[in-house]
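Quick notes on the structure that follows.
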Amino acid sequence: MCVLQWGIRMRLDIHKDFPILDQNIHGRPLVYLDSAASSQKPKAVIEAMTHYYEHDHANIHRGIYTLSERATVLHDQARDRVKQFINAKSSAEIIFVRGTTEAINLAAHSYGRSQLRAGDEIIVSVMEHHANIVPWQMLAASVGAHIKVIPLLPTGDLDMENYASLFSPRTRLVAITHASNVLGTVNPIKKITAIAHAHHVPVLVDGAQAVPHLSVDVQDLDCDFYVFSAHKMYGPTGIGVLYGKQALLENMPPWQGGGDMIAQVSFSGTTYAPLPAKFEAGTPAIAEAIGLHAAIDYIETIGMPAIMAHEAALMAYAKTRLGDIPGFRFIGMAKEKVGVIAFTLDDIHPHDMGTILDRSGIAIRAGHHCAMPLVMSLGLPAVARVSFGIYSRRADVDALVKGLYAVKKVLA
Ligand SMILES: *Cc1c(COP(=O)(O)O)cnc(C)c1O
């Protein structure tokens, strides 16, 4: 019922909520199939941020005047909204950062450098985004730690048996993506954390591709850190979240010093502010926090179950239509997937494909997708990828199929 109603609303006005989608590119209606790189923004998000700048902006915390109080309240409300969205225990566990990348760097610097020693080990998977590889490599190089890598099965699922065998008495952290930005694979995070916790090892989950597509409950997942970016979930660029269990965050040293993160400053010694301020030095992205709040409201007004049903139906449709194209090969066939399809077509280079499709107004991505180890493990120089959002529709798939036939013709 709810899904059906939403299906109707979908045809009528979800697409219209996103002003950017209403334009022609090279004379053809825009077909945006790159939401996994960054989603588009609904009017509600754009308007919330504009309203803030037109009516309520001042720096937060330090003011004793009305505008500053208003901005402070709006910023606090955004944090409370994020807490609800991922079901954290406390708003003190929600640290605002610039995005997923910064959140992982914060964890690597603060948690990593204070906890890891020479000979310690970090477990990651081969399907990680560079943001969940390079900060750990930098940490490993600086403290003399080692990185162990979970391989994949041919389906694109994690090799869970291999994962369980990677633990040693020196394992200090597991850093793993909730959903792959290339294969779309959704990893069994509850199982992953349960296995790690049996070895007393904490788990950091990269949720960048999960928050727009799945209901995320950090208490149910029992992960120790969870990180994501607003811009992939219909919110603005420039803000993201590091969730951490309170006891862990309390024991971690700050990573950047400055205003807002202190309790007392003197030249004989400085004491730090309590959570979450300890990790938020300097003026934060206030309008962006308000935009993130509006994005969560937008998602929850439609409802995650309806979003998931819509995306599952669209994925099924896309698999049938694309699978019918001669020479089309899906990369990654995990059972549980978010709305991401990686593929190759004949032996056409994905960049050529992307360039030709753009001339028909179709935006896809081609390359290594910030996951070079994964793409290399597939034995391919590059792959093409399409990814869906809340506003994607069958007509987008139809346009893509037509565009891919045209690509084959041009390059035949
Ligand atoms: C996009 C992405 C990141 C990096 O996010 P930024 O917003 O660029 O910091 C990390 N991990 C995954 C899985 C991603 O898709």
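The values are calculated or read from the model by the stated rules, or taken from the named source; none is laboratory data. Note that the structure is predicted; figures quoted are calculated from it, not measured. Every residue, glycine as well, gets a Cβ built from its backbone with ideal geometry; the counts of neighbours run over all protein chains shown. Keep in mind that these areas ignore ligands, DNA and RNA; they rest on the heavy atoms of the full protein, side chains included. Shrake-Rupley method; radii C 1.70, N 1.55, O 1.52, S 1.80 Å.
One chain, two ends: residue 159 and residue 265. Fully extended at 0.36 nm per residue, the span grows by 33.2 nm beyond their Cα-Cα distance. Loop-located chymotrypsin sites (Phe, Trp or Tyr not before Pro) in the range 207-296 (DSSP state not H, G, I, E or B) with no more than 11 neighbouring Cβ atoms inside 10 Å: 267.
Please figure out what share of the DSSP beta bridges in the range 198-344 is antiparallel and state it in percent, rounded to the nearest 5. Here the antiparallel bridges make up roughly 80 percent for the range 198-344.
The length gained on full extension between residue 90 and residue 194, counted as 0.36 nm times the residue separation minus their Cα-Cα distance, comes to 35.2 nm.
When peptides 387-394, 86-93 are sorted by average Cβ neighbour count within 10 Å, with the highest value leading, the order is 387-394, 86-93. With a simple spin-label model that places each label point 7 Å from the Cα along the Cα-to-Cβ direction, the separation between residue 115 and residue 405 comes to 5.4 nm.
Taking a threshold of 31 Å on the Cα-Cα distance, which of the pairs 16/83; 43/245; 190/278; 148/190; 319/409 fall above it?
Distance filter (> 31 Å) returns 43/245.
Helices in the chain, meaning DSSP H runs of at least 4 residues, each add -39500 (n - 2.57). Divided by all residues, the mean residue ellipticity at 222 nm is -11500 deg cm²/dmol.
How many percent of the accessible area of the range 46-300 is carbon or sulfur, using a 1.4 Å probe? Carbon and sulfur together cover 54 percent of it. Surface listing: 245, 43 arranged by accessible area from highest to lowest gives 43, 245, probe 1.4 Å.
Percent antiparallel among DSSP beta bridges with both residues in the range 46-300, to the nearest 5?
Taking every DSSP beta bridge with both residues in the range 46-300, the antiparallel ones total about 50 percent.
Taking only the alpha carbons of the chain, we obtain Rg and Dmax values of 22.1, 74 Å in that order. Once backbone amide H atoms are built at 1.01 Å from N, residue 328 has 346 as its partners under 5 Å, excluding neighbours fewer than 5 places away on the same chain.
Taking Cβ atoms as reference points and 13 Å as the exclusive limit, the residues near residue 95 contribute a net charge of 0, counting Lys and Arg as +1 and Asp and Glu as -1.
How much net charge surrounds residue 208 when only the other residues with a Cβ under 15 Å from the Cβ of residue 208 are counted, with Lys and Arg +1 and Asp and Glu -1?
Details: positive: 98, 232, 365, 385; negative: 34, 102, 128, 206.
After counting each charged neighbour, the total is 0.
Go ahead and set up a Gaussian network model of the chain, Cα springs under 10 Å, then flag whichever of 400, 21, 292 fluctuates most. So, out of 400, 21, 292, the one fluctuating most is 21. Expressed as a whole percent, the accessible area of the range 359-400 that falls on carbon and sulfur atoms is 57 (1.4 Å probe). Solvent-accessible area per residue in the range 46-300 equals 40 Å², computed with a 1.4 angstrom probe and all protein chains kept. The residues packed around residue 43, meaning those with a beta-carbon under 14 Å from its beta-carbon, carry a net charge of -3 if Lys and Arg are +1 and Asp and Glu are -1.
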